[in-house]
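Have a look at the structure below before the remarks.
The values are calculated or read from the model by the stated rules, or taken from the named source; none is laboratory data. Nothing here was measured: the structure is a model prediction, and the numbers come from that model. We place every Cβ from the backbone using ideal geometry, glycine too, and count neighbours over all the protein chains shown. The protein model used for the area step is the full one, side chains on, heavy atoms only, and it has no ligands, DNA or RNA in it. Shrake-Rupley method; radii C 1.70, N 1.55, O 1.52, S 1.80 Å.
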Amino acid sequence: MTSLLIMFGYLLNIILFIAVYQLFKQLQEIKQNQQTDIDDLLEHYVSEIKHENLKLQQLLEKNNEPTVNFKEQLDQEQERYLNEEDVSNHSTNHNEVLKETTLEENISDQPMIDLLGKHEDSFEQSLESKVITLKEQGLTTNEIAQKLNRGKTEIELVLKFLKH
């Protein structure tokens, strides 16, 4: 009778180990499926972003307007400044006053270029904080994308990453 109970105990242990092994294999399959799902999702988002970028490039090529290079603009402003300084050195005091007033008017009409390296710090909200703010205001993903001039897929991706 005792030997029968011992054999029954061993049999139960073997069945238990087999069940634990099967559960372990199922858990590994679930983890693998989740990883492939995440990879597929990210691959899908990346392909959509690439597609939107191609559309944007085509749009930009259609609207091929000449753009002003900042370095060229800075060089032009520096030359103008130096030319005005030379002219003011050779002119009379009356002309200097007139030049300064016209220079001040020109400066106020054009964007300020920092020639001396002094500038003020500026603050710009990150894309994530802008998306969160607009989402909290109750805007849809499409509305947020339009308001921020971003792709719908990019906004969806930001929202999904912020959830996790």
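Annotation: E79 fulfils all but one of (1) at pLDDT 75 or above; (2) over 30 Å from H44 (Cα atoms); (3) open to solvent by less than 100 Å² (accessible area, probe 1.4 Å); the unmet one is (3). Taking first residues from segment 144-164 that are closer than 18 Å to E43 by Cβ and open to solvent by 40 Å² or more (accessible area, probe 1.4 Å) and partners that are of a type in the set (D, E, K, R) and modelled with pLDDT of 85 or more, the Cβ contacts under 8 Å between residues at least 6 apart in sequence or on separate chains come to E154/E52.
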